[in-house]
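First comes the structure, then the notes that go with it.
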Amino acid sequence: MNAGHSTHSAWPPNRIVLTVLGGCVALCLTAPIAVLVVDAHDAGWPEIRTVLFRQRSYDLIANTITLTALVCIAAALVGTAAAWCLERSAVPFARLWTGVLILPMAMPDFVVGFAWHSLWPTMPPLVAAATIMTLSTYPLVFLPVAAALRRCDPALEDVARGLGTGPMATFVRVTLPSIRGAIGGGVLLAALVVISEYGAFEAVRFHTLTTEIFTEFQFEPRAAAALSIPLVLLGLVAIGIDAAIPRRQSGFRAQARTGAAGRPSLGTRAVRTLTMLAFAATVTAGVLFPVGVLFYWMHQSRRSTLPAVASLATATETTFAYSALSSAAVLLLATPVAYLSVHYPSRISLALQKSTFVPRAVPGVIVAVTLVYLSINYLYPLYETSWLVIAAYAVLFFPLGLVCVHASVGALPREFGEIARSLRRGRVYTFLAVTLPLIGPGLVAGFCLVFITATTELTSTLMLAPAGVKTLATQFWAFQTESSYGAAAPYALVIVAVAVLPGALLGVWFDRRPRTSHPGWRTGDLPIAAPQATTSVAAASDRFAEPMP
Amino acid sequence: MSAIAALGACKTYGTTPVLTDLNLRVPAGSVTAVLGPSGSGKTTLLRCIAGFERLDAGSITIGTTVVDDGRTTIHAQRRGIGYVPQNGALFPHLRVRANIGFGLRRSERTRIGELVEMLDLQSLEHRFPHELSGGQQQRVALARALAPRPSVVLLDEPFSSLDAGLRASLRWQVAQVLRNVRTTAILVTHDREEALAMADQIALLRDGRIAAIGRPRDLYNAPADEPTARFLGTANLLSAKVIAGQLYCRVPILQRRVVDLPDGAYTLMLRPEHLAITTQPGDNAARAIVAAITYQGSTSEVRLRIDDGTPTQLVVEAPGHDELTLGQRVWVRATRLGVVWPE
């Protein structure tokens, strides 16, 4: 084979390389599940039985299921109502509200939990946990539902109203069927978040499988592995329920109606005011109140007797290092998978892509447990090193990065490469002059998304970080558990502040105007439209939840 | 000499054959239109010539170089072709000048100015693609393709996303430019008007092979079979007979004609403009009733029902100023002899 020529074969060399790379990535990401199975098997059935079949475990399972169900219902109601009010009514400042309403999602749950508990310690744990989780997960429903409402033609609703159907009946008979897939996807994500949450529940003293696994892990790793089994099953059940929701692709695309012109006005001025008050209350409870509490504690300035393991500067540095390295790792791993599934769609590439969403269904605590197991048994030099934390982040947040990379690569018309080749340009020049400038913003977005998420990670960091190393989240946690609220508050405030710059970059990326009328290259067509990283995460998990063809 | 030759080209996607033993020769310096319905393999043929796809069997030659022989292939970047896709596919992050200069080396940058002038892009040089109209984008795409002086230009339905008025004027401009630079061009299209207006040669693609090839006039006026006739325009088909060298049509619209054909049954194909309507009875005219009129300004397309008890209908192109009414009794006669095919 000489330069410029190549022989014919069924699979071009590119494809073989990409498939191998993608296979390696998928293998790494699904390893935790495999390890879990091995681990449980090693523990032996009798031991698993003594841990699982006791009152304590039943209570934990019941707690987890009750809470998950409550949060799912509440998040579905709040998220759908907010999306409907914004997309289908003339609430003033709709765009601003959209931005503000997703803010609670960016707040670390353990900070919100801490804020509520520190001011109102007598609140019943179930109520507190349900409230906090609803506040942090309703945006996961709100975003995909808002996107679905925007996609489905309001003319359908107009027609129904024209045929004499009332507003409520119209919603149930016309609107709901076209958004139930979106609601399902969002609720699934919410459920997965709830069953894997640790910090917030620990803060309000509510016990679930995850908090128990975390506690057991410190004393009895085998018991932790045993308790992981019902947790993984719960995750799979949630995915199964979601997959059972019928989804139909709407036959035609709506011409987006812009502005308030086409929107029906939502009742009277009083109703509009009430709606806005409800929005404001939600955001206050989820964002303003916790931030306020943090400032309050900082000003109380009770000196902590507990010495800080990591100063604010050191903790910030560690957090940045972990987050940046894991974000970079995610992008590096996601690129071959995205390229493979975009350019060579096949059963194999689809299976590879879907398998990378497996970690999404597995709580972080389990990923951490399996990484510990893996390192102790096979890779001891890695045990208790920062590399393990970074690996855990990469596994946990891979789907977030993949979604952004996939969207960018998928939106890049293949013709660009062909044009470049017909103009005598080789691969390297084409990549640098065409591909990189065009997918660059998407890569930056993926980086930011993983980065923000990683800065708030608590559970697996607590379990994996080397002794003496603290991130902002874990140092906050250390003070918080000792009730040194004044000392803890600055760390949480830095976490919130750190989210601002990447958050702003994300906003810029999602909101940028399309630069061409090329039909294959419109921002609106990206699975991620508007500030909707999680919409696409929802879409991604949607895809994950679908049965393979 | 042919600038491009495809011989026995075969291409299959999965189990769907797209090109089946296709043979096409494109003379140097000519514009050849590849015309065919959607799904006939037009774009695949173009992509194989460009080097974006590989043949399963057969060969493609550009100039004197075999670029694909079914086993080895020369990469697209070494084939010296210019490619203009349907939507232009301008690089969205580059200004017009940078788009045109994309395939040029640093020393060749002066060429950008020549192309800007050639395609009337003077005021647009510093714009981004999204600031251009559809027609302007296509002109830039053509300039970009022509910049490295390719020996062959491939245009994949370049005007299909434009509105009718713009399409006509751009068609004319592009044809001029292609002739001026004396490059060999293949234009893929499903628009017969475009093919008839722009091409020196039309190749009709059907089911993955060339069903007919020839000069536009020859293909339009003397197509070899019914599908070719129908694809290039409206065709009236009437059964006819030759008896002792005389052609008789079942509907009496023809003058007596001596033809050099053996006796037997034939089909007569007449284009709408080969027929004329009169309001007075005359020799060699058949009685008919006006069944439908589509007024088009300068002409009207009139559908006539022949008044002989059969459901025979004829489509006639009548001058637009003819005042005809539905149900009116008229006479129709042939002004030219169309094509006669044996049955």
State all residues of segment B:29-69 that are within 11 Å of chain A (Cβ to nearest Cβ) and among the small types (Gly, Ala, Ser); if no residue qualifies, say none. B:Ala50, B:Gly51, B:Ala57
Within segment A:162-179, count every residue that is buried (at least 18 other Cβ atoms within 10 Å of the Cβ) and closer than 22 Å to A:Ala74 by Cβ. 2
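Just to be sure before I move on: is B:Gly135 outside any loop (DSSP other than H, G, I, E, B) and at pLDDT below 90 in the structure I sent?
For B:Gly135, the condition - outside any loop (DSSP other than H, G, I, E, B) and at pLDDT below 90 - is met.
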Test result for A:Ser327, buried (at least 21 other Cβ atoms within 10 Å of the Cβ) and either assigned to a loop (DSSP other than H, G, I, E, B) or at pLDDT below 85 (or both): no
Out of the residues in segment B:22-43 meeting the condition of being farther than 18 Å from B:Ala199 by Cα and modelled with pLDDT of 90 or more, tell me which one is surrounded by the fewest Cβ atoms within 10 Å (Cβ to Cβ). B:Asn23
For A:Thr68, are the conditions met, namely being part of a helix (DSSP H, G or I), hydroxyl-bearing (Ser, Thr, Tyr), surrounded by 16 or more Cβ atoms within 10 Å (Cβ to Cβ) and in the same structural domain as A:Ile239 (by TED's automatic domain parsing)? yes
Condition first: outside any helix (DSSP H, G or I), more than 14 Å from chain B (Cβ to nearest Cβ) and modelled with pLDDT of 80 or more. Can you find one or more residues in segment A:355-366 that meet it? no
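Anything in segment A:39-55 that is out of contact with any Leu (no Cβ under 8 Å at 6 or more places or on another chain) and either surrounded by 19 or more Cβ atoms within 10 Å (Cβ to Cβ) or free of Cβ contacts under 8 Å to residues at least 12 places away in the same chain (or both)? List them, or say none.
A:Asp39, A:His41, A:Asp42, A:Gly44, A:Trp45, A:Pro46, A:Arg49, A:Thr50, A:Phe53, A:Arg54, A:Gln55
Please note which strands (runs of 3 or more DSSP E) are completely contained in segment B:1-75 and include at least 3 residues that are among the aliphatic types (A, V, I, L, M) and in the same structural domain as B:Ile186 (by TED's automatic domain parsing). Working first, answer last.
On the way: elements: B:2-13, B:16-27, B:31-35, B:57-62, B:65-68, B:72-74.
Result: B:2-13, B:16-27, B:31-35, B:57-62.
Residues checked against (1) under 12 Å from the mean Cα position of the chain (by Cα); (2) among the hydrophobic types (A, V, I, L, M, F, W, C); (3) outside the structural domain of B:Leu55 (by TED's automatic domain parsing):
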position: B:Phe128; (1), (2), (3): no, yes, no
position: B:Leu170; (1), (2), (3): no, yes, no
position: B:Val177; (1), (2), (3): no, yes, no
position: B:Val181; (1), (2), (3): no, yes, no
position: B:Ala185; (1), (2), (3): no, yes, no
position: B:Ala197; (1), (2), (3): yes, yes, no
position: B:Gly208; (1), (2), (3): no, no, no
Could you tell me which of the residues A:Thr435, A:Thr459, A:Thr453 is among the hydroxyl-bearing types (Ser, Thr, Tyr) and modelled with pLDDT of 85 or more? A:Thr435
Any chance A:Leu388 is more than 14 Å from every other protein chain (Cβ to nearest Cβ), over 17 Å from the mean Cα position of the chain (by Cα) and either assigned to a helix (DSSP H, G or I) or small (Gly, Ala, Ser) (or both): yes
Select from segment B:70-115 the residues that are within 8 Å of chain A (Cβ to nearest Cβ), surrounded by 20 or more Cβ atoms within 10 Å (Cβ to Cβ) and small (Gly, Ala, Ser) and list them in ascending order. B:Ala76, B:Gly82, B:Gly88, B:Ala89, B:Gly103
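Is it the case, given these coordinates, that A:Ala75 is more than 25 Å from the chain's Cα centre (by Cα) and surrounded by 12 or more Cβ atoms within 10 Å (Cβ to Cβ)?
Criteria not met by A:Ala75.
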Select from segment A:330-354 the residues that are touching a residue at least 40 places away in the same chain (Cβ under 8 Å) and not in a helix (DSSP H, G or I) and list them in ascending order. A:Tyr344
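Over 26 Å from the mean Cα position of the chain (by Cα), among the polar types (S, T, N, Q) and either surrounded by fewer than 19 Cβ atoms within 10 Å (Cβ to Cβ) or modelled with pLDDT under 90 (or both), is that true of B:Thr310?
In short, yes.
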Report the residue count in segment A:410-446 for those that are buried (at least 23 other Cβ atoms within 10 Å of the Cβ), among the hydrophobic types (A, V, I, L, M, F, W, C) and more than 14 Å from chain B (Cβ to nearest Cβ). 1
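The values are calculated or read from the model by the stated rules, or taken from the named source; none is laboratory data. Nothing here was measured: the structure is a model prediction, and the numbers come from that model. Positions of Cβ are generated from backbone atoms using ideal geometry, with glycine treated the same way; all protein chains shown enter the neighbour counts.
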